[in-house]
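Chemist: Quick one: this structure, given as structure tokens, is what I'll be asking you about.
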Amino acid sequence: MTGRAPFLSFCNELLAEEGLGLAEQARFCAAVGYQGLELAPATLAGTPHLVSSAQAAEMRKLVEGEGLVVTGLHWLLTAYPHLSLTSRDPRQLAELKDVMLGLLDLCAALGGKIMVHGSPGQRQIDAQEALDDAIARVADFFGPIAEAAAARGLTYCFEPLSARETRFINTVSQAERLVEKVGHEAFRTMIDTSAAGQSEDMPVADLIRRKLPGGSIAHIQLNDTDRGAPGTGGDPFADIIAAIRQAGWDRPLALEPFKTIGDARATAAYGAATVRAYWEAAA
């Protein structure tokens, strides 16, 4: 990717919230320069882990018919507010495992390659619990999930989130401890530039320069610390995009805004144009 335009994927929930169907989302994103969609499962069905292979094939056909691909899934547990990754209840964890396996099947059937585990509401820990103890418990849960991801040709990424969202995994270094504990090549972490801008002890561009060469980072999501698209806030995206390009990043870059400028379509278009402009400037 270093010698050509970046592969851009748009996280679809803003478009879905404004009433665009999957084909409409793909058609619009293709028109403004995206190559992929990263899908929030809750935008596809009320219980997305139960979507059949035939239904998933039809969804994939809709996206690919507009010239895009599904790059992966994120916001995995939004449809399941009663479940918690950090639960100590064996019955709840068994149900969560079934959900996760179903979502892995969904991602593979859609043609996706990346699973992004954010879902802050389903990963809370008590104030008195040590982070390393919580990491050990969660690593035990993710062992078989990582195996299942690998069998489907997927990479499962655990996303560091800001401390205002959750106490469990706020920095890439903390996520790397979980990655090491799980100990499987299909289980990695990622950088979300909004969360990193709030939680890390260094500028996001410096974090990228330090962490990308190490191999633990399998995905990048781009948004401003104010939760808008790149270019709509005050973050130094020229430096961030330059760091990504200079590191030789050759995978999709997912734009994940949570607030709009005008509407979702204007936001998606502006974000894509911003990233492409900074990418070209970094050549």
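Chemist: Residues that are over 18 Å from the mean Cα position of the chain (by Cα), part of a helix (DSSP H, G or I) and modelled with pLDDT of 95 or more: does region 121-131 have at least one?
Modeler: There is at least one residue in region 121-131 that is over 18 Å from the mean Cα position of the chain (by Cα), part of a helix (DSSP H, G or I) and modelled with pLDDT of 95 or more.
Chemist: Which of the residues belonging to region 52-76 are more than 12 Å from the chain's Cα centre (by Cα) and either part of a strand (DSSP E or B) or closer than 23 Å to ILE145 by Cβ (or both)?
Modeler: Once the filter is applied, which keeps residues that are more than 12 Å from the chain's Cα centre (by Cα) and either part of a strand (DSSP E or B) or closer than 23 Å to ILE145 by Cβ (or both), region 52-76 yields SER52, SER53, GLN55, ALA56, MET59, ARG60, VAL69, VAL70.
Chemist: Pairs please, first residue from region 249-263 and touching a residue at least 60 places away in the same chain (Cβ under 8 Å) and open to solvent by 60 Å² or more (accessible area, probe 1.4 Å), second anywhere and of a type outside the set (Lys, Arg) and part of a loop (DSSP other than H, G, I, E, B), Cβ atoms under 8 Å, 6+ apart in sequence or on different chains.
Modeler: Listed by first residue and then by second, the contacts come to ASP250/MET1; ASP250/THR2; ARG251/MET1; ARG251/PHE7; PHE258/ASN223; PHE258/GLY228.
Chemist: If you scan region 77-94, which residues turn out to be part of a loop (DSSP other than H, G, I, E, B) and surrounded by 14 or more Cβ atoms within 10 Å (Cβ to Cβ)?
Modeler: LEU77, THR78, ALA79, TYR80, LEU83, SER84, LEU85, THR86, SER87
Chemist: Look through region 206-237, keep the residues that are of a type in the set (D, E, K, R) and part of a helix (DSSP H, G or I), and return whichever of them is surrounded by the most Cβ atoms within 10 Å (Cβ to Cβ).
Modeler: LYS211
Chemist: Against the conditions (1) within 22 Å of VAL69 (Cα to Cα); (2) surrounded by 15 or more Cβ atoms within 10 Å (Cβ to Cβ), where does ALA266 fall short? Just the number, please.
Modeler: Here ALA266 clears every test but (2).
Chemist: If you don't mind, another one. Checking the conditions here, which among GLU24, GLU38 is surrounded by 18 or more Cβ atoms within 10 Å (Cβ to Cβ), out of contact with any helix residue (DSSP H, G or I) (no Cβ under 6 Å at 6 or more places or on another chain) and acidic (Asp, Glu)?
Modeler: One residue alone meets the criteria, GLU38.
The values are calculated or read from the model by the stated rules, or taken from the named source; none is laboratory data. Being a predicted model, the structure only gives us computed values, none of them experimental. Neighbour counts run over all protein chains shown; Cβ positions are idealised from the backbone, glycine included. Remember, those area values only see protein heavy atoms, side chains included, never the ligands or the DNA or RNA. Shrake-Rupley method; radii C 1.70, N 1.55, O 1.52, S 1.80 Å.
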